[in-house]
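Below: one structure, written as structure tokens.
The values are calculated or read from the model by the stated rules, or taken from the named source; none is laboratory data. What you are looking at is a predicted structure, and each value in this text was computed from that prediction instead of being measured. Reconstructed Cβ throughout: ideal geometry from the backbone, glycine too, with neighbour counts over all protein chains shown.
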Amino acid sequence: MDRRPVHPMAWIVWATSAGFVAFVTTDPVYLLLLWAVSWFVYAGHRVDAEHARSFRLFLTGAMVAVALRTALVFFGTVSAANTTFSFLEGLRLGTILVIFGTFNAVTDPFGLVRMAPRHFHEPALAAALALSIAPRTVAGVGRVRDAQRMRGIRIHGARALPALAVPVLERGMEEAHTLAESMDARGHGAGRRSRYRPQPWTGAAILIAVPAIAAAATFLAASVGGWAVLHPQTSPIVWPEADPLLLAGIGLLAVPGVVGRPER
Amino acid sequence: MSDVLRFDAVTYVYPEGARPAIEDVDLAIAEGSFALAVGPTGSGKSTLLRASNGLVPQFTGGTFTGRVSVDGRDTLAHAPRRLADVVAFVPQDPGASFVLDRVEDELAYGMENLGVDPVHMRRRVEETLDLLDLPGLRDRSVRTLSGGERQRVAIAAALAAGPRILVLDEPTSQLDPQGAEDVMAALQRLVHDHGMTVLLAEHRLERVAGWVDVAIGFDHGRVRSGTPADVIGHLGSGPPVTRLGQMLGWDPLPLTVRAARAAAAGGPRPALPPRDPARNGHRHGVVAEVRGLRASYAETTVLRGLDLDVHEGEVLAVMGRNGAGKSTLLRVLAGIHEPSAGQVQILGAKPRPGVDVGLCPQEADELLFSDSVEHEVRATLVARGEAGGAGPWLAALGIAGLAARHPRDLSAGQRLLVATAAVAATDAPLLALDEPTRGLDPASKERLIGFVRAHALGGRAAVVATHDVELAAAVATRVVILAGGEVIADGDPGAVLGDSRVFAPQMTRVFGPGWLTPDQVVEALT
């Protein structure tokens, strides 16, 4: 049995489709379902504690985004309609963040680099380095906080910030530098690239990508055809609708939660 | 044989360096050599290693004069990536060098860059997995590997690309004794059977001195190469058998246990294994008490039902293979990691990190944040409301001379000493050190041993988790060995280490159980 992870392209398709769905609607029913679906997919695929921490970071970020976007309303006329509108906009932004968090937690950014066509290698590499920063930093914060506690320095308040930030950033810089050195020393960018065991499109990969495309297509059709309400009215506020076909579409995005799961 | 690596009049100064890191180095390494770089911490070994594929100066900047040529190619004219087919480099911190996530892909990465054809690549990955005994790790994520596994995967990844020269910076520093021997044996096989050239830097000379055929001695940036006996004999800080030979005036100086046995066979034998009063003293009060301890990370149980007492005046060495749970035990003792079952008490109460226990982690860099060595230690003192200066702590560890330096500008070994001083400044009753001799030269190690012993006197105790058997032999008053999350041996170092094939120090191997350090033997003989 092939125990290698799912083809990264399947995840790109899934995340793009889910992100598209979140992008075209402000209906809280669909958006909250997308949060649940993202969590379900992440829970089925996470491999280690570092990923878990990184996903939690995105989850927190998403909640902050919702709160901040809602709070923006206080800079203008405050009304129930305005607040609801802002909240739904924030919820949409948060949903996209949560989907991205799942994508970040279940894929190996450098695995994506290897797949990039030769001409896109350098930008893909820069993107991979950027993607790997969040989990690295999160892991670093935990380790440094522990290390300082072990000598009696507790990290709280602004005064203690250097004790946390300096080692995290310095180690992060150093790691990035070592990585860059190591890649160069191992011939990265010397030309003549070949590919080791190209990753096959397994059944699991197809089961992740195809339903995701179907889900995105359903929402696209609703958005273009206008046969379902994607943006519930906020003035006056009405109870959001939940079209059964669109609910089924979101259900399709949950398929990865049960296929291609890594062995524990 | 031709010289595959040449240094001609090389002098190099780091961008903000005051003195040259290496100065006027002339060096020729013949193809098929097994070469060892030795010298005090901060003497330029890592710099020379990194200059051998052009990382110095191409990645570091600074002022470089002279010429380094690798298989005839000038390292200034060729970027490191253009030398990747000839020379492979394994850095000190192998974890930071991994590019891909899966072990198998990581092994193939270098070959992909060199355009090796897929069929050939597949076969070489398999061979390399076998060579370093890694097939079981093939599908693992590199981030989930233990320190020793990471080291072996990094070496395998470098090897798989098929270089003619392999350069390794302290390749055994994270390995348990058996793992270190396996790696050295694998390297020797490459040198002997495949004509590969290996250049490595290492402080734990007892692990490497017997394997190599050329040694390069470093002294403040200047180098001298010769036979291992010649170079290591002049260092004044060789492996225990060499130090013994120096003290007893043996000629030739032994570098291996086998040679020392031969030399000792002719002379008088020490009478009875010594009794060290500090090691066999009466057991006083209990500092740390562990009962039925279970601990786990995510879904892996690391410690299963562990009982242990640490007494006043004790220096307890915790040993065991990579991944045996040594670091976890220390973290639980320090109150940082919550046990899943069982009890841990320091002086009768739940441990308070930084107060009852000061723990220096394996990645000591994680606690350095100040702009000078002195301020780093002061930060700990300030945190516990202590007004005193950092001076005594620095002096005790022999780094008073570095007080004004920025920790970032120091060598890995020096930074470790700074972190140790910063943790020791908690003045906690239990001092815990996780692998405290990584990157330490023998002279610094001696001072660390004196410091830990002094700490344990006066109603306190120390716990040292280590792979370094010679450290355990010299510092411990008691040794426990962990395996499978349980204590499998516990007792006097002479008995526990003497009874082990894997953890026996060199003196035990030469003179039998009970003998731990060269000083003991010399004392018994004179």
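Residues of the stretch B:156-169 include at least one that is closer than 28 Å to B:Pro436 by Cβ and either of a type in the set (Asp, Glu) or surrounded by fewer than 19 Cβ atoms within 10 Å (Cβ to Cβ) (or both). Picking from residues in the stretch A:189-224 that are in contact with a Gly (Cβ under 9 Å, 6 or more places away or on another chain) and outside any helix (DSSP H, G or I), the one that is farthest from A:Ala130 (Cα to Cα) is A:Thr202. Among the residues of the stretch B:279-306, those that are surrounded by fewer than 16 Cβ atoms within 10 Å (Cβ to Cβ) and either under 24 Å from the mean Cα position of the chain (by Cα) or closer than 21 Å to B:Ala472 by Cβ (or both) comprise B:Asn280, B:Gly281, B:Arg283. Taken over the stretch B:356-415, the criterion of being more than 8 Å from chain A (Cβ to nearest Cβ) and among the β-branched types (Val, Ile, Thr) is satisfied by B:Val373, B:Val377, B:Val382, B:Ile399. The set of residues in the stretch B:87-107 being more than 9 Å from chain A (Cβ to nearest Cβ) and at pLDDT 95 or above is empty. In this structure, is B:Gly320 buried (at least 23 other Cβ atoms within 10 Å of the Cβ) and within 14 Å of chain A (Cβ to nearest Cβ)? Answer is no for this residue. Out of all the residues in the stretch A:100-121, which are more than 17 Å from the chain's Cα centre (by Cα) and within 13 Å of chain B (Cβ to nearest Cβ)? The answer is A:Val113, A:Arg114, A:Met115, A:Ala116, A:Arg118, A:His121. Across the stretch B:324-337, the number of residues qualifying as outside any helix (DSSP H, G or I) and either more than 12 Å from every other protein chain (Cβ to nearest Cβ) or touching a residue at least 40 places away in the same chain (Cβ under 8 Å) (or both) comes to 4. Beta carbons closer than 7 Å, at least 6 apart along the sequence or on distinct chains, pair a first residue in the stretch A:137-159 that is under 16 Å from B:Asp356 (Cβ atoms) with a second that is of a type in the set (D, E, K, R) for A:Gly152/B:Arg384. Of everything listed in (1) more than 8 Å from chain A (Cβ to nearest Cβ); (2) more than 28 Å from B:Leu235 (Cβ to Cβ); (3) buried (at least 21 other Cβ atoms within 10 Å of the Cβ); (4) in contact with a Phe, Trp or Tyr (Cβ under 8 Å, 6 or more places away or on another chain), the single unmet condition for B:Pro40 is (2). Just to be sure before I move on: is B:Gln174 buried (at least 24 other Cβ atoms within 10 Å of the Cβ), more than 26 Å from B:Val25 (Cα to Cα) and away from every other protein chain (no Cβ under 14 Å) in the structure I sent? Spelling it out, B:Gln174 is indeed buried (at least 24 other Cβ atoms within 10 Å of the Cβ), more than 26 Å from B:Val25 (Cα to Cα) and away from every other protein chain (no Cβ under 14 Å). Of the residues A:Arg136, A:Arg149, the single one that is of a type in the set (D, E, K, R), within 11 Å of chain B (Cβ to nearest Cβ), surrounded by 17 or more Cβ atoms within 10 Å (Cβ to Cβ) and touching a strand residue (DSSP E or B) at 6+ places or on another chain (Cβ under 8 Å) is A:Arg149. For the stretch A:152-180, which residues satisfy the criterion of being facing chain B (nearest Cβ under 7 Å) and over 28 Å from the mean Cα position of the chain (by Cα)? Hits for the stretch A:152-180 are A:Gly152, A:Ile153, A:Pro162, A:Ala163. Being among the aromatic types (Phe, Trp, Tyr), closer than 30 Å to B:Phe98 by Cβ and buried (at least 17 other Cβ atoms within 10 Å of the Cβ) holds for only one residue in A:Phe58, A:Phe87, and it is A:Phe58. The test for being under 22 Å from A:His177 (Cα atoms), within 24 Å of the chain's Cα centre (by Cα) and either small (Gly, Ala, Ser) or at the interface with another protein chain (Cβ under 7 Å from one of its Cβ atoms) (or both) does not hold for B:Gly110. Among the candidates B:His194, B:His203, the residue that is more than 14 Å from every other protein chain (Cβ to nearest Cβ) and either in contact (Cβ under 8 Å) with a residue 60 or more places away in the chain or among the β-branched types (Val, Ile, Thr) (or both) is uniquely B:His203.
State whether one or more residues within the stretch B:227-241 are farther than 30 Å from B:Val70 by Cβ, β-branched (Val, Ile, Thr) and surrounded by 14 or more Cβ atoms within 10 Å (Cβ to Cβ). Within the stretch B:227-241 (the criterion being farther than 30 Å from B:Val70 by Cβ, β-branched (Val, Ile, Thr) and surrounded by 14 or more Cβ atoms within 10 Å (Cβ to Cβ)), the answer is yes, since at least one residue qualifies. Checked against the criteria, B:Ala472 counts as aliphatic (A, V, I, L, M) and buried (at least 21 other Cβ atoms within 10 Å of the Cβ).
From the list B:Thr328, B:Thr420, the lone residue that is in contact with a Pro (Cβ under 8 Å, 6 or more places away or on another chain) and either over 29 Å from B:Ser296 (Cα atoms) or not acidic (Asp, Glu) (or both) is B:Thr420. Counting only helices (runs of 4 or more DSSP H) that sit wholly inside the stretch B:82-197, those with at least 3 residues that are more than 24 Å from B:Arg50 (Cβ to Cβ) are B:103-114, B:118-131, B:177-194.
Determine, yes or no, whether B:Ala424 is farther than 26 Å from B:Thr380 by Cα, over 13 Å from the mean Cα position of the chain (by Cα) and among the small types (Gly, Ala, Ser). No, not satisfied. If I filter the stretch A:152-172 for residues that are at pLDDT 90 or above, in the same structural domain as A:Val13 (by TED's automatic domain parsing) and surrounded by fewer than 19 Cβ atoms within 10 Å (Cβ to Cβ), do I get at least one hit? No, the conditions are met nowhere in the stretch A:152-172. Being surrounded by 17 or more Cβ atoms within 10 Å (Cβ to Cβ), within 16 Å of the chain's Cα centre (by Cα), within 14 Å of chain A (Cβ to nearest Cβ) and under 13 Å from B:Val475 (Cα atoms) is a property that B:Leu433 has.
Among residues of the stretch A:181-211 being more than 14 Å from chain B (Cβ to nearest Cβ) and of a type in the set (A, V, I, L, M, F, W, C), the one that is nearest to B:Val86 (Cα to Cα) is A:Trp201. Across the stretch B:44-62, not a single residue is classified as assigned to a strand (DSSP E or B) and touching a residue at least 24 places away in the same chain (Cβ under 8 Å).
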